[in-house]
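Shown next, in structure tokens, is the structure this report addresses.
The values are calculated or read from the model by the stated rules, or taken from the named source; none is laboratory data. Every value quoted in this text rests on a predicted model; they were computed, and no experiment measured them. Here the Cβ positions follow ideal geometry from the backbone for every residue, glycine too, while neighbour counts run over all protein chains shown. Each accessible area value is taken on the protein alone, full model and side chains, heavy atoms only, with ligands, DNA and RNA left out. Shrake-Rupley method; radii C 1.70, N 1.55, O 1.52, S 1.80 Å.
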Amino acid sequence: MHNNGNPNPPGQALDVVVIGEALMDVVATPEGTNEHPGGSPANVAYGLTRLGVSTGLLTSMGTYGRGDALEEHLTGAGVMLLPGSRSLERTSTATATIARDGSASYSFDITWDVEPLDLTQTPPKLVHTGSIASFLPPGAVGVKAMLEELRSECIITYDPNIRPALLGTQAEARQTFEELVQLTSVVKLSDEDAAWLYPGKDLEETATHILDLGAELAVITRGSSGSLLATSTTTFSIPAVKTSVVDTIGAGDSYMSALILGLLTRGTGGLAPSVLDQLGCTAAAAAAITVSRAGARPPTEDELRTQLQHQPQLHTHA
């Protein structure tokens, strides 16, 4: 898995396939406009290749212009763009308009449809999906169908990354979320996602509910308060790694990438307490590196290893 150079040698099965949106984040200020690659699933795929994991992305972006810029960003890091990913007339955008007083308003121009994954190939070890791709029709229907087909073949991870402005009613979104949880092994959500989906439940209750729906591991991130990792038998609370925060863009996605790396490299321990501890500490370290520098720049494999060597064991049983 950790071959240097191109993480995707020809003909070799991928370790991970990520299914989900790649889009351009546009930030418009009175001084001007800049754009940078975004989309939670695309960020996770990008973070995985930086960690040395051979990763393919099945997405949906335009055939020119912004699509070219996104492809260059992703493949430049080593992500394999899977067939059918350049199928849209134009690439989706999420625009933040910053006023002179610093207030922000958001608008979205998002189309999500997805080609089926070629299931004649050797299945990957793990499939990850989430965010807009898991909710927005017509593509969300295809995502669910692929998970139903792949669930017996590989680990499936899911991060809903809730964007209320793009969803229908809260009840509809929760139903979609719960139907997908039943197809997944590991669900990761933020405390904000948890509060939106399950107002009135505390995080432990939400984690228990997700496990009752069929997930083997529920992970809830809590920003500077760390994260909660729960199985049917164990709950761990992992503190955040202390660091100076420059910005939090991409922190959740780099946490997810490192969590996936941990799931792939955990050996035969299943989800024993020692494995949960390792998963949580590795993901917390990756998030700490990302927030300590500007922009969504997740760590490389070497940066993450160095961080972990200098990091004390953090866990507490919740």
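Every condition in (1) closer than 30 Å to SER152 by Cβ; (2) small (Gly, Ala, Ser); (3) in a helix (DSSP H, G or I) holds for ALA284 except the one numbered (1).
Considering only the range 194-214, how many residues are over 21 Å from ARG163 (Cβ atoms), in contact (Cβ under 8 Å) with a residue 12 or more places away in the chain and not acidic (Asp, Glu)?
5
Pairs linking a residue in the range 163-190 that is closer than 21 Å to LEU271 by Cα and free of Cβ contacts under 8 Å to residues at least 40 places away in the same chain to a residue that is open to solvent by 50 Å² or more (accessible area, probe 1.4 Å) and assigned to a helix (DSSP H, G or I), with Cβ atoms under 8 Å and 6 or more positions apart or on different chains, are LEU183/LYS144; LEU183/GLU148. Selection of the range 65-96 for residues being open to solvent by less than 60 Å² (accessible area, probe 1.4 Å) and in a strand (DSSP E or B) yields LEU81, LEU88, THR93, ALA94, THR95, ALA96. If you filter the range 279-309 down to residues that are open to solvent by 20 Å² or more (accessible area, probe 1.4 Å) and without any contact (Cβ under 8 Å) to a residue 40 or more places away in the chain, you find that the one that is nearest to THR221 (Cα to Cα) is LEU308. A search for C-beta distances below 7 Å between a residue of the range 248-266 that is open to solvent by less than 10 Å² (accessible area, probe 1.4 Å) and any residue that is at pLDDT 95 or above and small (Gly, Ala, Ser), counting only pairs 6+ apart in sequence or on different chains, returns SER254/GLY47; SER257/GLY47.
Restricting SER237, SER225 to residues that are open to solvent by 20 Å² or more (accessible area, probe 1.4 Å), farther than 30 Å from ASN34 by Cβ, touching a Ser or Thr at 6+ places or on another chain (Cβ under 6 Å) and not β-branched (Val, Ile, Thr) narrows the list to SER237. Determine if the range 149-161 includes at least one residue that is within 22 Å of THR221 (Cβ to Cβ), of a type in the set (D, E, K, R), surrounded by fewer than 21 Cβ atoms within 10 Å (Cβ to Cβ) and modelled with pLDDT under 95. No; the residues of the range 149-161 include none that is within 22 Å of THR221 (Cβ to Cβ), of a type in the set (D, E, K, R), surrounded by fewer than 21 Cβ atoms within 10 Å (Cβ to Cβ) and modelled with pLDDT under 95.
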